[in-house]
Structures are given as C-alpha cells and as structure tokens.
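Student: Before I ask anything, let me first share the structure, which is written out below as structure tokens.
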Amino acid sequence: MKKVFNYSPNFDPNKRKSNQIKFLILHYTGMRKERDAISRLTKIQSEVSSHYLIKKNGDIVVMVPDLYIAWHAGESSWKNFKSLNKNSIGIEISNPGHEHNYLNFSKKQIKSILYLSKLLIKKYKIRSNNVLGHSDIAPFRKKDPGEKFPWKYLAKIGIGRWHSISNKTLKENRNKKININEEKIFFKNLFKIGYSKKILYKKTLVSAFQRRYRQNLINGKIDQECLLISKNLAK
C-alpha cells in the first residue's frame, strides 16, 4: 500500500491534545467517481473533510493531520459525546454507496483499513467499542459504511466489536416476533451500547443497528435475533 498526501483546508485551526481522540469513525465516500470524492473533501467550498481516505487500489490519502479536527462526522452522538468531530479521527473509504450502486469493499481496501486502524488504535489508545461507523453516530442521516463493510472480520482482529452468538442460534431466532416489553428492553440495550436516544424514527434506528450487527437482513423490524444480539453487546 502507498501513502500519499493531499491536504484539505477544511479543519479547525486549533490543535487538540492526543488524549482528546477517543473514536475512530469509518465512512464511505458515497460518490460515483473516486476523483470527485477526493475533490469534494479537499475543496474549501464543500466544508467537509476527513483525516484519511482509502482509495479503491488501497492507497491511503492523508488529508488532515490527526491532531487537527476534520469535518467528517457532522451532527452526531454516541453515549455522552455530542458532535464527535472534536473527539474522533475520520477515515473515508472510496465506495459509491447506497445511492450509486453500492459495492463490496476491495481486498486492497480492507488490507489498508486493517493497517491504518490498528496503527491509530494503538497510537491513541482507542477502545474497540469506540470504533464506529457513520451510521452508528448519525443513524437518522447516514447509512455508511453500510452492510457490506466487514465489521465481523475486523472485530476478530480487535478493530470494533461484534457479538458472540452462533449462526445457528441467530437463524433460529430470526423473524420471531417480540412483545412490547421486549421491545423496550431492545431499545434500552441500544442506548447502553451507545446509540442515540432520539427515537423519533424507531425503524431508522433499528436499520442502523442491523447494518452494523445483522448485515444479511436489514428491514427495520425488531425480532428475537435482534434482541439477542443487543443483549449480548450490552453486556
């Protein structure tokens, strides 16, 4: 993999301390062409940026130095943290996203994600449960990096979290209905994990959870499988 520099002007001028960095946030670019995504992230008029971008060929583009606040998270929350830009490092991954023929992430991209994430996690002592997707911290606005992102695989190597329930148990509980009390327990678990308590659109929040932890069925409906996963993660 190759590291290249293409700095963005879109960051806060004041430097932060390294111990302020608590989160690693993963995104996809959501644009048809990679060059257009890079242009947007480095153009002052767009007012968006990230610290890194991983190209389709696995090259890592450095856009904003770690100790400056890049503008990648927007309106966001996780547990007691709000507006996560100031406490996070953002990695954009080249992918057209849900609106433009969402693709699998390439093997070269995954290799670079592994390399870069492990480096940042070690350097800034980022906890595994603080490695998040954009849809985790902004479930009402975002779907990235989406259900094709290899969260389960990465969790095995210490990047992010995954549940410990067997596939057999998951399938046995899929599409099994829950009652009202179990629904309350499910959302309580989500809030304990860290998801936003703004549950005006329950289906959107459930879909965000499924994109992360139940990737082969995203329907916005809570079933026994989702409940089991939420209980496992809330522990």
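Student: Go through 30, 58 for me and flag whichever is among the small types (Gly, Ala, Ser), closer than 22 Å to residue 149 by Cα, out of contact with any Pro (no Cβ under 8 Å at 6 or more places or on another chain) and surrounded by 13 or more Cβ atoms within 10 Å (Cβ to Cβ). So that I can check it myself, show each step before the final result.
Tutor: On the way: 30 fails: out of contact with any Pro (no Cβ under 8 Å at 6 or more places or on another chain).
58 is the lone residue from the list that is among the small types (Gly, Ala, Ser), closer than 22 Å to residue 149 by Cα, out of contact with any Pro (no Cβ under 8 Å at 6 or more places or on another chain) and surrounded by 13 or more Cβ atoms within 10 Å (Cβ to Cβ).
Student: Being of a type in the set (A, V, I, L, M, F, W, C) and within 24 Å of residue 148 (Cα to Cα) is the filter here, so list the residues in the stretch 72-89 that pass it. I'd like the intermediate steps shown before the answer.
Tutor: Going through the stretch 72-89, the residues of a type in the set (A, V, I, L, M, F, W, C) turn out to be 73, 78, 81, 84, 89.
Within the stretch 72-89, 73, 78, 84, 89 qualify.
Student: What pairs can you find where one residue is in the stretch 184-199 and more than 14 Å from residue 235 (Cβ to Cβ) and free of Cβ contacts under 8 Å to residues at least 12 places away in the same chain, the other is part of a helix (DSSP H, G or I) and not basic (Lys, Arg), and their Cβ atoms are less than 7 Å apart, with a gap of 6+ or different chains?
Tutor: What qualifies is 197/191.
Student: Suppose the filter is of a type in the set (Asp, Glu), buried (at least 17 other Cβ atoms within 10 Å of the Cβ) and under 18 Å from residue 145 (Cα atoms); does residue 92 pass it? Walk me through it before giving the result.
Tutor: Numbers: of a type in the set (Asp, Glu): yes; buried (at least 17 other Cβ atoms within 10 Å of the Cβ): yes; under 18 Å from residue 145 (Cα atoms): yes.
When the stated conditions are applied, residue 92 passes them.
Student: Just give me the residues in the stretch 1-22 being assigned to a strand (DSSP E or B) and either surrounded by fewer than 13 Cβ atoms within 10 Å (Cβ to Cβ) or in contact with a Lys or Arg (Cβ under 9 Å, 6 or more places away or on another chain) (or both), in sequence order.
Tutor: Of the residues in the stretch 1-22, the ones assigned to a strand (DSSP E or B) are 3-5, 11.
Within the stretch 1-22, 3, 4, 5 meet the criteria.
Student: Considering each of 115, 124 in turn, give the residue that is hydroxyl-bearing (Ser, Thr, Tyr) and more than 28 Å from residue 100 (Cα to Cα).
Tutor: Values: 115 fails: more than 28 Å from residue 100 (Cα to Cα).
None of the others qualify; the one that does is 124.
Student: Criterion first (more than 30 Å from residue 234 (Cα to Cα), modelled with pLDDT of 95 or more and outside any helix (DSSP H, G or I)) does residue 27 satisfy it?
Tutor: On the way: more than 30 Å from residue 234 (Cα to Cα): no; modelled with pLDDT of 95 or more: yes; outside any helix (DSSP H, G or I): yes.
Against the criterion (more than 30 Å from residue 234 (Cα to Cα), modelled with pLDDT of 95 or more and outside any helix (DSSP H, G or I)), residue 27 does not qualify.
Student: Filter the stretch 126-138 for residues that are in a loop (DSSP other than H, G, I, E, B) and touching a Lys or Arg at 6+ places or on another chain (Cβ under 9 Å) and give the result. Write out each step before concluding.
Tutor: Narrowing the stretch 126-138 to residues in a loop (DSSP other than H, G, I, E, B): 126-127, 138.
Answer for the stretch 126-138, where residues must be in a loop (DSSP other than H, G, I, E, B) and touching a Lys or Arg at 6+ places or on another chain (Cβ under 9 Å): 126, 127.
Student: Being outside any helix (DSSP H, G or I), within 29 Å of residue 101 (Cβ to Cβ) and at pLDDT below 95, is that true of even one residue in the stretch 227-235?
Tutor: First pass over the stretch 227-235, keeping only residues outside any helix (DSSP H, G or I): 235.
This time we only want the ones that are within 29 Å of residue 101 (Cβ to Cβ), so: none.
No, the conditions are met nowhere in the stretch 227-235.
Student: How many residues, within the stretch 139-161, are part of a loop (DSSP other than H, G, I, E, B), surrounded by fewer than 18 Cβ atoms within 10 Å (Cβ to Cβ) and touching a residue at least 40 places away in the same chain (Cβ under 8 Å)? First the steps, then the outcome.
Tutor: Quick first cut of the stretch 139-161, residues part of a loop (DSSP other than H, G, I, E, B) only: 139-150, 156-161.
When the remaining residues are screened for being surrounded by fewer than 18 Cβ atoms within 10 Å (Cβ to Cβ), the result is 140-141, 148, 156-158.
Retained after the next criterion (residues that are touching a residue at least 40 places away in the same chain (Cβ under 8 Å)): 140-141, 148, 157-158.
The number of residues fulfilling the criteria is 5.
Student: Something else: Going by what's in this entry, would residue 121 be described as under 17 Å from the mean Cα position of the chain (by Cα), part of a helix (DSSP H, G or I) and either among the β-branched types (Val, Ile, Thr) or at pLDDT 95 or above (or both)? Write out each step before concluding.
Tutor: On the way: under 17 Å from the mean Cα position of the chain (by Cα): yes; part of a helix (DSSP H, G or I): yes; either among the β-branched types (Val, Ile, Thr) or at pLDDT 95 or above (or both): yes.
For residue 121, the condition - under 17 Å from the mean Cα position of the chain (by Cα), part of a helix (DSSP H, G or I) and either among the β-branched types (Val, Ile, Thr) or at pLDDT 95 or above (or both) - is met.
Conditions (1) surrounded by 19 or more Cβ atoms within 10 Å (Cβ to Cβ); (2) part of a helix (DSSP H, G or I); (3) aliphatic (A, V, I, L, M), marked per residue:
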position	(1), (2), (3)
163	no, no, no
168	no, yes, no
188	no, yes, no
204	no, yes, no
208	yes, yes, yes
216	no, no, no
225	yes, yes, no
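The values are calculated or read from the model by the stated rules, or taken from the named source; none is laboratory data. In this text the structure is predicted, and so the values were computed from the model without any measurement. Positions of Cβ are backbone-derived with ideal geometry, glycine not excepted, and every protein chain shown enters the neighbour counts.
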